Amino acid sequence: MVAVVGLGNMGMAMVTRLRGLGLAPPAWDLDPAKRAAAEATGAVVPEGLGGIADAVVLLSLPNEAAVAAVLEALLPGLPAGAVIADTSTLSPGAVRDFAARVAAAGCAYLDAPVSGGPAGAAAGTLAMMIGGEAAALDRARPDLDRVATKILHIGASGAGQVAKLVNNLMVATNLVVAGEALRLGARAGVAPEALLPVLNGATGRSAATEINWPRWIASGTFDSGFSAGLMRKDVRLAVALAEAVGAPLDATARAAAAWEALSGAVPDVEDFNRLSAAIFEGATA
């Protein structure tokens, strides 16, 4: 059986997916309301993290402090050889420390950040970027296949996080660029609804123009399930990684600065796509 710890948008979507497959996964969150919501779906909610004794545990947590606290409570109850697949987005250095800590307890830790959002988690179509031991991935793969259709083993511990931070830095940059470019077109007399089919049929396309703008921005729904605050966290981690490894950022650093500068116009609690919309509407960093 596979368990899920962390029942935010992503974690709850994973629970929903597993329930749809006929499983009753153990599920846990610090928030009693989220535990109750999981239990209402048919998930099994133990008395505490120490009650989870599954061979594979999926984590979906907001930050390194939360992961550290969960590991402390979770590890004593896990069987030898259990695999923790952490889908949280964290710094590569932190996950290497977590991997060593979990290995000392006789288990394995995979950094397994994902792309695809809550909709992808609920549909079982996530892309998962794995860092860690190949043998641990082999043990966990049957359960990971339940929530992801693309599982990529990037390399040793921390490599999955490097891939995720590079990806999200590009996503954040593309959203800034799309807002600016579409604003240019609109002010020159060509609206986004006319421009987007052109861009998406030509070389200017990106996920920002193919997916984000049609699905969440032009539609006005802004319900992707991923907040501006989480994207800012990921961008900060990417910038910190660049500084740590001596990789200069020029264009992406300007985009990262825009995410910080527009925190007043687009607060952390808002959907992350609102930043591109705010730039289109005239906000400047």
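Would you kindly state how much longer the chain becomes between Arg101 and Leu249 on full extension, computed as 0.36 nm times their sequence separation minus their alpha carbon distance, in nm to one decimal? Could the numbers behind the result be given before it?
Working: separation 148, 0.36 × 148 = 53.28 nm, distance 3.24 nm.
Result: 50.0 nm gained on full extension.
Return the distance in nm (one decimal) between the two label points of a simple spin-label model at Phe222 and Val269, each offset 7 Å from Cα along Cα→Cβ.
1.3 nm
For the residue pair Thr41 and Ala73, what label-to-label distance in nm results when each label sits 7 Å from Cα along the Cα-to-beta-carbon direction?
So the label points at Thr41 and Ala73 sit 1.9 nm apart.
Can you tell me what share of the DSSP beta bridges in the range 91-201 is antiparallel? A percent to the nearest 5 is fine. Mind showing how you got there, number by number?
Numbers: 3 of 9 bridges.
Antiparallel: roughly 35 percent of the beta bridges in the range 91-201.
What ranking do 129-142, 190-203, 63-76 get when scored by the average of other Cβ atoms within 10 Å per residue, highest first? Walk me through the numbers on the way to the answer.
Numbers: 129-142: 19.6, 190-203: 13.4, 63-76: 16.6.
The packing order, highest mean first, is 129-142, 63-76, 190-203.
Output the Cα-based Rg and Dmax of the range 2-156 in Å, rounding Rg to one decimal and Dmax to a whole number.
So, for the range 2-156, Rg and Dmax equal 13.8, 38 Å respectively.
Counting only protein heavy atoms and using a 1.4 Å probe, what share of the accessible area of the range 168-250 belongs to carbon plus sulfur, as a whole percent?
Values: 2600 of 4300 Å².
Roughly 60 percent of what the probe reaches on the range 168-250 is carbon or sulfur.
Once fully extended, how much extra length lies between Ala24 and Asn63, figured as 0.36 nm per residue of separation less the alpha-carbon to alpha-carbon distance? Intermediate results must be reported in sequence, preceding the final value.
On the way: separation 39, 0.36 × 39 = 14.04 nm, distance 2.65 nm.
Extending this stretch completely gives an extra 11.4 nm.
With the radius of gyration and the Kirkwood radius both derived from the Cα set of the chain, what is their ratio Rg to Rh? Let's see the in-between values first.
Numbers: Rg = 19.6 Å, Rh = 19.7 Å.
When Rh is taken as the Kirkwood radius, the ratio is 1.00.
What is the magnitude of the charge dipole of the chain about its Cα centre, with +1 placed on the Cβ of each Lys and Arg, -1 on the Cβ of each Asp and Glu, and no other charges, expressed in debye to the nearest 20? Intermediate values should be presented prior to the final figure.
Values: 20 positive and 26 negative charges, 93 e Å.
Around 440 debye, computed over the chain.
With axes computed from alpha carbons, what is the tilt in degrees of helix 251-261 against the longest principal axis of the chain, rounded to the nearest 10 within 0 to 90?
Tilt of helix 251-261: around 80 degrees.
By how many degrees, between 0 and 90 and to the nearest 10, does the Cα long axis of helix 92-104 differ from the longest principal axis of the chain?
The two axes meet at around 10 degrees.
Counting pairs of alpha carbon atoms under 8 Å apart in space and at least six apart in sequence, what relative contact order in percent does the chain give? Could you put the intermediate results ahead of the total?
Working: 510 pairs, mean separation 41.0, N = 285.
With pairs under 8 Å counted, the relative contact order is 14 percent.
Return the Rg/Rh value of the range 162-281, two decimal places, where both radii are evaluated on C-alpha atoms and Rh is the Kirkwood radius.
Working: Rg = 14.1 Å, Rh = 14.6 Å.
In the range 162-281, Rg relative to Rh is 0.97.
Which is farthest toward the positive dipole end of the chain among Ile151, Thr173, Ser206, measuring Cα position about the Cα centre, with Cβ charges +1 (Lys, Arg) and -1 (Asp, Glu)?
Working it through, the farthest residue towards the positive pole turns out to be Ser206.
So, with +1 on the Cβ of K and R and -1 on the Cβ of D and E, and no other charges, what is the size of the charge dipole of the range 2-156 about its Cα centre, to the nearest 20 debye? If you can, show how the numbers build up before the last one.
Details: 10 positive and 14 negative charges, 70 e Å.
Dipole of the range 2-156, to the nearest 20 debye: 340 debye.
The values are calculated or read from the model by the stated rules, or taken from the named source; none is laboratory data. Being a predicted model, the structure only gives us computed values, none of them experimental. Note: ideal-geometry Cβ built from the backbone for every residue, glycine included; neighbour counts use all protein chains shown. What goes into the accessible areas is simple: the full protein's heavy atoms, side chains included, and nothing from ligands, DNA or RNA. Shrake-Rupley method; radii C 1.70, N 1.55, O 1.52, S 1.80 Å.
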